[in-house]
1. Mean separation of Cα pairs under 8 Å and 6+ residues apart, divided by the residue count of the stretch 4-79: what relative contact order is that in percent?
2. At 1.4 Å probe size, with every protein chain present, just tell me what the per residue accessible area of the stretch 18-57 comes to in Å².
3. Normalized C-alpha radius of gyration of the stretch 63-115, against 2.2 N^0.38 Å?
4. With each label point set 7 Å from Cα along the Cα-Cβ vector, what nm distance links I51 and L7?
5. Sorted by accessible area (1.4 Å probe), largest first, how do V31, V21 line up?
6. Considering amide H positions built from the backbone, and no H for Pro or chain starts, which residues 5 or more places from A54, or on another chain, come under 5 Å of its amide H?
7. Efficiency by 1/(1 + (r/R0)^6): what FRET value for L17 and H65, r their Cβ-Cβ distance, R0 = 41 Å, to the nearest 0.05?
8. Name the residue farthest towards the positive end of the dipole of the chain from the options V36, L105, V8, assuming +1 on Cβ of Lys and Arg, -1 on Cβ of Asp and Glu, about the Cα centre.
Amino acid sequence: MQVFPYLVVVWVLAVGLYGIVTSRHLVHQIVCLIVVQSSTYVLLLAVGYKIGAAAPYYFDLTQKHTPVVDPVVQALALTDVVVEAAVTALLLSMAIQAHKRFGTLDPQELVQLKG
């Protein structure tokens, strides 16, 4: 088992979370959320990776008993990309509406408008 991909996941997750916590702009927070979500791609691909394994669509052409990379994990990574695109579009549209209605994208100022 290799540890490096998991260290990359933790590092990318930490950088994204730091950006979310310290940001004073909604669009920057959304970009940092995209970075956090991209750490899940690396995690999924690290979980499904096997050293020396063949691609799953070539499995029937290779020798018998050849290890194969898990195709389910790859499908989950692709699904994760689609979910991220939908969430990003929704959050950006909400940021646009917040700017139109309140004239600011600073989360601290938006909290003060509550009422």
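The values are calculated or read from the model by the stated rules, or taken from the named source; none is laboratory data. Here the structure is a predicted model, which is why all the values come from computation and not from measurement. Cβ sites come from the backbone with ideal geometry, for glycine too, and all protein chains shown count toward neighbours. The area values use the complete protein model at the heavy-atom level, side chains included, leaving out ligands, DNA and RNA. Shrake-Rupley method; radii C 1.70, N 1.55, O 1.52, S 1.80 Å.
1. Numbers: 78 pairs, mean separation 21.6, N = 76.
28 percent.
2. Numbers: 2410 Å² over 40 residues.
I get 60 Å² per residue for the stretch 18-57.
3. Working: Rg = 20.7 Å, N = 53, 2.2 N^0.38 = 9.9 Å.
In units of the 2.2 N^0.38 Å rule of thumb, it is 2.08.
4. 1.5
5. Details: V31 75, V21 120 Å².
From most exposed to least exposed: V21, V31.
6. V68, V69
7. Working: r = 43 Å, r/R0 = 1.04.
For L17 and H65, the calculated efficiency is 0.45.
8. So the residue furthest toward the plus end is L105.
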